[in-house]
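In what follows, a structure is listed as structure tokens, so that the remarks can point back to it.
Bear in mind that the values in this text are calculations on the coordinates, not laboratory data. This structure is a prediction, so every number in the text was calculated from the model and none was measured. Every residue, glycine among them, receives a Cβ derived from its backbone with ideal geometry; neighbour counts consider all protein chains shown.
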Amino acid sequence: MNIQSPASFEKVHQLVIDTLPQPVSSTNGELIFGPGGVLDSLSLVSFLADLEYRLAEEFGREVVLASEQAMSRSRSPFRDASALTDYIIELLAK
């Protein structure tokens with residue numbers, strides 16, 4: 001793995017969208033998980049594993065998305081593509 005350029009919102013957001021097993025609609029706020037989301041709990045786990053792999057390939061470092069830190073937030077970082085993108089950028093900045 002080569003360390004790539006810093007993560008931009010657009011780059012990470014596109015990676016999130018491209019990794020989703022089914023398309024999300026911008027009209028529903030790009031909901032991923034929860035009421036109105038495109039993924040159920042089993043699909044979410046698979047999606048997060050795929051996304052972690054792609055993030056490691058793209059940015060040259062491993063991130064763990066489904067952590068206690070993520071689960072303890074008052075608003076889930078998995079609810080929509082933008083929230084997940086913000087969470088990933090936060091993790092990559094550490």
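Enclosing the Cα atoms of the chain in their convex hull gives a volume equal to 90 cubic angstrom per residue.
How much length would be gained if the chain were fully extended between ILE89 and ALA56, taking 0.36 nm per residue of separation minus their Cα-Cα distance, in nm to one decimal?
Here the segment from ILE89 to ALA56 would lengthen by 10.6 nm.
At most 16 other Cβ atoms within 10 Å and a DSSP loop assignment: could you name the GluC sites (Glu not before Pro) in the chain that fit? Qualifying residues, ordered by number: GLU62.
Residues PHE9, PHE33, ranked from the fewest to the most other C-beta atoms within 10 Å, line up as PHE9, PHE33. What net charge do the residues around GLY34 carry, taking every other residue with its C-beta under 15 Å from that of GLY34, with Lys and Arg at +1 and Asp and Glu at -1? Taking every Cβ under 15 Å from that of GLY34, the sum is 0. Placing pseudo-labels 7 Å out from each Cα toward the beta carbon at THR19 and ARG75 gives an inter-label distance of 2.1 nm.
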